[in-house]
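Here is the structure we will look at.
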Amino acid sequence: MFVKDVGDASYDEIVKIRGSDGIDRMGRVLDAGNELTVVQVLGSTSDLQADVALKFTGSTFKIPVSDQVLGRMFNGLYRPVDGLPPVYSEDLRETDGKPINPVARSQPNNFIQTGVSGIDTMLSLVRGQKLPIFSESGLPHNRLAAQIARQASVKGEKEEFALVFAAIGLKRDDASFFVDQFRNSGAIERSVVILNLAEDAAVERLLTPRIALTVAEYLAFDMQLHVLVILDDMTLYCEALREMSAAKEEVPGRAGYPGYLYSDLATIYERAGILKGRKGSLTQMPILTMPGGDIRHPIPDLTGYITEGQVFLDRDLYQRGVYPPINVLPSLSRLMRSGIGISRTREDHQDVADQLYDTYSRGVRARDLAKIVGQVGLNERERRFLEFSEVFEKRFVNQGDFESRSIEESLDRAWDLLKMVPETELVRIHEKFMEKYHPLHRAQKMVE
Amino acid sequence: MSTSQTGILSRVAGSVVVGSGITDIMMGEVVLVGREELVGEVVKVTEKSFTAQVYEYTGGIGPGGKIVATGKRLITELGPGLLNRIFDGVARDLELLFRERGSFIERGVKVNTLRRDLNWEFTAALAKGATVAPGDVLGTVQETPMVLHRILVPPGMEGTLKQIEETGNFKVDESVAIVSNRQGEHKLTLMQEWPVKIPRPFREGGRLGLDLPLITGQRVIDTFYPIAKGGAAAIPGGFGTGKTITLQQIAKWSDADVVVYTGCGERGNEMCDVLTEFPNLKDPRKGRPLLERTILLANTSNMPVAAREASIYMGVTIAEYYRDQGYDVALMMDSTSRWAEALREISGRLEELPVEQGYPAYLPDRVAEFYERAGRMEVMGRPKRTGSVTIIGAVSPPGGDFNEPLTIATLRYAGVFWALDPELAFSRHFPAINWLKSYSLYSGPLLSSFTQSWGSYSEYGKTSEWWREVSSGYEEYRSRALELLNDAAGIESIARVIGESALPDDQQLILLTAQLLREGFLRQSAFDTVDAYCEPQRQVLLLKMILDFNAQAIKLVKKKVPIDIIRELPQVPLIMRAKEHPGRTEHIASLMAESHKELEKIANSYGFTIKEGSDS
């Protein structure tokens, strides 16, 4: 919306808009100029004519926060949708957030046990991390996210995570799946739900994750809770951003997305971490559906450059009946190393993970080869690797929706698989761990 | 340049603001915007108005607000107190910011780069009455136990020393000397200022050849694709291919005197990692905590975009300042793509005509300007000394595709290309530097001086005789290893079609050797205490061990010894593990002898000896 002769509008200021239909809308200033002011209307612009009344509020977008937000449900503009009155508080927070001073951060190193072997063993999540799920339409990313939300715990601590769930352009049934999950597990009492559904205005999607994170920051850094934020689906956020950018007639970048997509996403994803001197933490699990399953698409690509790793879901695996269909090879957790090891999980954890990666990737290569030359064309070594990869998927990655495995259980399972491979091939594991944990050595010790 | 003048804002759109009412404002001048006096820089001047990029969030500012021209360019303070500290993209001390303003960075906060409250012990190197010129060493300050800070006469200053403090404790802005010349008397302090977008001057014609290696302790780099002191390297790779870890490894272990590590538009938690880890790591040569020689610039990805643009110039200016003192400085840039994107974003807001992928047409010029600030040179002033700035820039190409404007522009000006390979990263082979695609233009001149400089390391001085013998074969080892890896790549592509077991034994041996090279040499753990830093001596020995094994095994295969017998030798996995054995060189030497003996035994059982046939 372009407005003439405003005079004293300021950048990012909130504007109240009343159309001839009498409905109040909200907008924000994108470009404050002497002659022309550009206002972005939040919500629907249908029925708006050129004769709207505008009120410039003189303040940027802020939301009230208090401990009353727990257990509540809001829409994408922070209006209650649970029939309860709005949150009242004098504590108003700007939703854009402020960058955390790197000096104020403390190193995330508390291992979160999700109970999912593929994640815990090979891409361990730690408190304060931002670890997205890269998925595709039709894959069970919501099931996995709900399972993680249900099972996530920190070893030796009773305290459960507070959950902040932001539905960004989700279908109603996807959103209610999450809400039902929270209800059934009793987590609803310690969750905040922000719902921007598919039918809601796209422009609101730009605010939804920011509102969720502002609430989450309050819970984590003021109320000292451990907060897990699920942002679902970031692809729809990016599409809304593209829509706005096109409306503003900006120069498009890759695939029509604006050139500042990286910076914009960073202002969302970087809002995770732990602060020195405060007890709480903010862990993010954004979900995005890769258009066409393409990891090189700008959205997953730029996300991967900002987040601390990614969990990659694979259609191929899912069709072979593996749940969760995590393809560990392109998956990664950058903060894993600081969260695992001797006093945190188990001393052999890193070596086992490295070895699994190596062995599995050789197995996958053998499988590709077998497609060309057939199983008979493989030599003995290649056949073993191939067999390993099959069992690895079926018995290690694969598990039930309600099956929560402890990290020790997962590691023992891993060793059980690794014994399929000749010991001389396990060069990524230190010898001292081989002696202590390799099932054959263990069995030998028992005999002695 | 204008003196301080006030104008009026006519437009605010994100980080770009337009103002008018200051007639003689110039490009690059620093402006203060709005009531909070947010810092910005003029990027466009027209007859009636001017445009500035602001280094902070501009919400709440609108037309009619004031804009003040300072008459100064974007500068940084240089002096004692840079090392062992962390700054943001416009060189504000983040520790100080944290103490004063808490965990989140508020806008409009002014913090000096150099602390004004600290005292430094200054010792004069010159006496009263001396004539001084730019770059002359006025005196010294022990900045950290690892680095002696030389206080220099600033560029453009000449005259006679009218007064100098012999020794004493001073704050950075207190006068330690007075220079008098025709223009009058000038106070010299421990600090100076420099406009960051202009390269600091060095002795005319003083650029030196790039023939000294920067030793990083990383095998694939030092042995295969070395970088020279004063050179420039590009390390492009998609996400998760290990750019940051590789840069951090070089920052930790390279034999530079000073390291400037610039995190440009990267992750906050990663900078926190560096801050947590570096104080606990010791320099392998001097045994002191690494932070004592390190300067960190952290401009995380969610800090204002324009400050990202500034951060790389801040970094390189600080690096040049230590170069001018006569030090070898390594500058890490992680990642230049974020800087290029900042350029693109600002260019977009200025409504400039975009060329490829939305980048402005002047992108290659800016890249060239930046990388040309690397070099090894004779610096200005007396006593005569040399210094260097080595630039290592990470590039984050979209989709990991190297065929994009920034990667292409960077490769034009960088002498070393370390190509990161997602395939290697997926199987957790790190550093994931592809040994077939990478190159180093320095390897030619470096190779000869490489081994010399390795040999001159004090700890190897004792064994110089032995060393000369081993290192003389170095060039040969290197090319032999590359040849083997190349051959293996070719054979592998065949094996992918017909299966490995269908290959003749000599080809299978090449594959086995390539595996030994990959696992036992190229792959290096950044986290293993023994393996993280591999001394040059050990690098050569490891390579020699694998190549000798190959040479001897070839003779067995020629005499029809089945490859499986060789592959099943218990020494094979040991060779792959030797790099992380705490016995280091001694262990490798004994393993070499042992595997030789084993191979000889096999040869004997087939009725011949390896030694005999060595000439045939």
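The values are calculated or read from the model by the stated rules, or taken from the named source; none is laboratory data. Keep in mind that this is a model prediction, so the values were computed, not measured. When we count neighbours, we look across all protein chains shown, and the Cβ atoms used for this are built from the backbone with ideal geometry, even at glycine. For the accessible areas, the whole protein counts, side chains as well, though only heavy atoms, and no ligand, DNA or RNA atoms are used. Shrake-Rupley method; radii C 1.70, N 1.55, O 1.52, S 1.80 Å.
Summary table below
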{"quantity": "Among (1) charged (D, E, K, R); (2) at positive phi; (3) in contact with a Pro (Cβ under 9 Å, 6 or more places away or on another chain) - the single one B:GLU404 does not satisfy", "calculated": "(2)"}
{"quantity": "Yes/no for B:GLU143 being of a type outside the set (Phe, Trp, Tyr) and more than 28 Å from the chain's Cα centre (by Cα)", "calculated": "no"}
{"quantity": "Unique residue being over 23 Å from the mean Cα position of the chain (by Cα), modelled with pLDDT of 95 or more, open to solvent by less than 50 Å² (accessible area, probe 1.4 Å) and not assigned by TED's automatic domain parsing to the domain that holds A:ASN110 when the list is A:LEU378, A:LEU411", "calculated": "A:LEU411"}
{"quantity": "Selection count, the stretch B:176-201, where residues are more than 21 Å from B:ALA310 (Cβ to Cβ), open to solvent by less than 70 Å² (accessible area, probe 1.4 Å) and part of a strand (DSSP E or B)", "calculated": "10"}
{"quantity": "Count of residues meeting criterion [open to solvent by 10 Å² or more (accessible area, probe 1.4 Å), at pLDDT below 90 and within 22 Å of the chain's Cα centre (by Cα)] in the stretch B:530-551", "calculated": "1"}
{"quantity": "Residues of the stretch A:40-79 that turn out to be in a strand (DSSP E or B), basic (Lys, Arg) and open to solvent by less than 30 Å² (accessible area, probe 1.4 Å), as a count", "calculated": "0"}
{"quantity": "Residue match in the stretch A:15-38 (condition: assigned to a loop (DSSP other than H, G, I, E, B) and under 20 Å from A:PRO209 (Cα atoms))", "calculated": "no"}
{"quantity": "In the stretch B:270-312, the residues that are part of a helix (DSSP H, G or I) and closer than 22 Å to B:LEU214 by Cβ", "calculated": "B:VAL274, B:GLU277, B:PHE278, B:LEU290, B:LEU291, B:GLU292, B:ARG293, B:ILE312"}
{"quantity": "B:SER301, sole failed condition from (1) small (Gly, Ala, Ser); (2) at the interface with chain A (Cβ under 10 Å from one of its Cβ atoms); (3) over 19 Å from B:PRO397 (Cα atoms)", "calculated": "(3)"}
{"quantity": "Candidates B:GLY287, B:GLY238, filtered to the one that is among the small types (Gly, Ala, Ser), away from chain A (no Cβ under 14 Å) and surrounded by fewer than 24 Cβ atoms within 10 Å (Cβ to Cβ)", "calculated": "B:GLY287"}
{"quantity": "Given (1) buried (at least 24 other Cβ atoms within 10 Å of the Cβ); (2) in a loop (DSSP other than H, G, I, E, B), index of the condition A:ILE194 fails", "calculated": "(2)"}
{"quantity": "Qualifying residue in the stretch A:365-372 (condition: of a type in the set (A, V, I, L, M), exposed (fewer than 15 other Cβ atoms within 10 Å of the Cβ), assigned to a helix (DSSP H, G or I) and out of contact with any Asp or Glu (no Cβ under 7 Å at 6 or more places or on another chain))", "calculated": "yes"}
{"quantity": "Residue match in the stretch B:14-26 (condition: more than 10 Å from every other protein chain (Cβ to nearest Cβ) and within 30 Å of A:GLU270 (Cα to Cα))", "calculated": "no"}
{"quantity": "Residue match in the stretch A:322-341 (condition: part of a helix (DSSP H, G or I), among the β-branched types (Val, Ile, Thr), within 12 Å of another protein chain (Cβ to nearest Cβ) and open to solvent by less than 10 Å² (accessible area, probe 1.4 Å))", "calculated": "no"}
{"quantity": "Residues within the stretch B:72-87 that are in a strand (DSSP E or B) and more than 21 Å from B:GLU309 (Cβ to Cβ), tallied", "calculated": "1"}
{"quantity": "Candidate set: the stretch B:92-101, residues that are hydrophobic (A, V, I, L, M, F, W, C) and open to solvent by less than 10 Å² (accessible area, probe 1.4 Å); chosen: the one nearest to B:GLU277 (Cα to Cα)", "calculated": "B:LEU94"}
{"quantity": "Some residue of the stretch B:385-392 being open to solvent by 10 Å² or more (accessible area, probe 1.4 Å), within 13 Å of chain A (Cβ to nearest Cβ) and either without any contact (Cβ under 8 Å) to a residue 24 or more places away in the chain or on the phi < 0 side of the Ramachandran plot (or both)", "calculated": "no"}
{"quantity": "Odd one out for B:ALA409, checked against (1) more than 14 Å from chain A (Cβ to nearest Cβ); (2) part of a helix (DSSP H, G or I); (3) touching a helix residue (DSSP H, G or I) at 6+ places or on another chain (Cβ under 8 Å); (4) over 21 Å from B:LEU210 (Cβ atoms)", "calculated": "(4)"}
{"quantity": "Residue identified as on the phi > 0 side of the Ramachandran plot and open to solvent by 30 Å² or more (accessible area, probe 1.4 Å) among A:GLU243, A:GLU239, A:GLU249", "calculated": "A:GLU249"}
{"quantity": "In the stretch A:1-14, the residues that are assigned to a strand (DSSP E or B) and either open to solvent by less than 10 Å² (accessible area, probe 1.4 Å) or in contact with a helix residue (DSSP H, G or I) (Cβ under 8 Å, 6 or more places away or on another chain) (or both)", "calculated": "A:GLU13"}
{"quantity": "Test for A:LEU144: is it at pLDDT below 95, touching a Pro at 6+ places or on another chain (Cβ under 8 Å) and either closer than 29 Å to A:ASN327 by Cα or not in a loop (DSSP other than H, G, I, E, B) (or both)", "calculated": "no"}
{"quantity": "The one condition in (1) outside any loop (DSSP other than H, G, I, E, B); (2) more than 14 Å from chain B (Cβ to nearest Cβ) that A:VAL103 fails to fulfil", "calculated": "(2)"}
{"quantity": "Any hit, the stretch B:72-91, residues being facing chain A (nearest Cβ under 9 Å), buried (at least 22 other Cβ atoms within 10 Å of the Cβ) and among the aromatic types (Phe, Trp, Tyr)", "calculated": "no"}
{"quantity": "Some residue of the stretch A:73-81 being within 14 Å of chain B (Cβ to nearest Cβ), among the aromatic types (Phe, Trp, Tyr) and touching a residue at least 12 places away in the same chain (Cβ under 8 Å)", "calculated": "no"}
{"quantity": "Selected residue (only one of A:PRO209, A:PRO258 is within 14 Å of chain B (Cβ to nearest Cβ), open to solvent by less than 10 Å² (accessible area, probe 1.4 Å) and modelled with pLDDT of 95 or more)", "calculated": "A:PRO209"}
{"quantity": "Pairs where the first residue, in the stretch A:386-399, is in the same structural domain as A:LYS371 (by TED's automatic domain parsing) and the second is polar (S, T, N, Q), C-beta under 7 Å, 6+ apart", "calculated": "A:PHE388/A:THR359; A:PHE396/A:SER117; A:VAL397/A:SER117; A:GLN399/A:SER117"}
{"quantity": "Subset of the stretch A:198-231 [outside any helix (DSSP H, G or I) and in contact with a Leu (Cβ under 6 Å, 6 or more places away or on another chain)]", "calculated": "A:LEU225, A:VAL227, A:LEU228"}
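For every residue, the table says whether it meets (1) among the hydrophobic types (A, V, I, L, M, F, W, C); (2) within 14 Å of chain B (Cβ to nearest Cβ).
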{"residue": "A:MET234", "(1), (2)": "yes, no"}
{"residue": "A:TYR269", "(1), (2)": "no, yes"}
{"residue": "A:GLY280", "(1), (2)": "no, yes"}
{"residue": "A:PRO286", "(1), (2)": "no, no"}
